[in-house]
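Contents: one structure, followed by commentary.
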Amino acid sequence: MIARIPTLLQGDKQADRVVPPSGHTAWLTSFTAATMTFLAVFALALSLASGRLADRWGDALARSATVRISAPPGQMEVQTKAVLEVLTTTPGVARARAMDDAEQRKLLEPWFGPDLPLDALPIPRLVEVTEDSTGFDATGLRQRLAAEAPGAVLDDHTRWRKPLAVAAGRLRMLGMISILLIGATMAAMITLAASASLAANAQVVRVLRLVGARDTYIARAFVRRFTLRALAGSAVGAMLGMIGVALLPSADAAGGFLTGLGFQGAGWLLPLCLPLVSALVAFIATRFAAFRKLKELT
């Protein structure tokens, strides 16, 4: 296949006359390649962005934990102090800090509003725990907390990390499946276009055979023309898709929800590979369709 690339690019003017330069098959091939590539760019961008977002959330949760202290008002400060003493002597804990009322009010504000009366409600005290690179023994820490502060409960965010990891894997898989379906759709459309073009030129094919042209010679003309059409259309679709991704709202404008959406760094090179993939799909699909249709015209 690699050896055919120079011939494919150079072409044969006599063989190219077999394929009509315009018509329904021409615009259908280019339009299909452009549209499918445009959708593939967004599927790739959303897949990569969703995976990065889930990984970032998972890493943040993996390096942090929370201790929730529920105690009567008279014992809250005592148990908070005991929890902080336990945490400062626990291997793997880099930092431990009790949140003040303003911070806790800010955490609850999206659900209860800005005027939440913390003094009148039995809201637990939260202690933010940051791990170092080695991490801590959650089971041992829970036992120590139970002995020193009975109202303290450790949440190491395990129940949050696992769903995020599963979601990241499924989002990546969904993105890859979407790209495969887009490629299969493009292959099917190009196959139909090539078959239609051959059927429309059946009389020309018979004449070429009468003068000694082989099916390989005839098929090469269709393969080259449709491959180049798919390459050109796909390049346009990739550029439009990249422009669309670049014009998406930034993280600040999106309120943080779309943080990281799109491509980052070298990831912008990935959409540039899609036209080459589209050309390869068109090459295989057209070659298959051409030889199958030529057998039918025998």
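Here the range 253-298 is the region considered, the condition is being surrounded by fewer than 12 Cβ atoms within 10 Å (Cβ to Cβ) and of a type in the set (A, V, I, L, M), and the residue that is modelled with the highest pLDDT is L269.
Would it be correct to say that S178 is crowded, with 19+ Cβ neighbours inside 10 Å, touching a helix residue (DSSP H, G or I) at 6+ places or on another chain (Cβ under 6 Å) and in contact (Cβ under 8 Å) with a residue 24 or more places away in the chain? Judged against the criteria, S178 is not a match. When M173 is tested against (1) under 29 Å from R229 (Cα atoms); (2) aliphatic (A, V, I, L, M); (3) exposed (fewer than 13 other Cβ atoms within 10 Å of the Cβ), only condition (1) is not met.
The values are calculated or read from the model by the stated rules, or taken from the named source; none is laboratory data. Here the structure is a predicted model, which means the values were calculated and not measured. Reconstructed Cβ throughout: ideal geometry from the backbone, glycine too, with neighbour counts over all protein chains shown.
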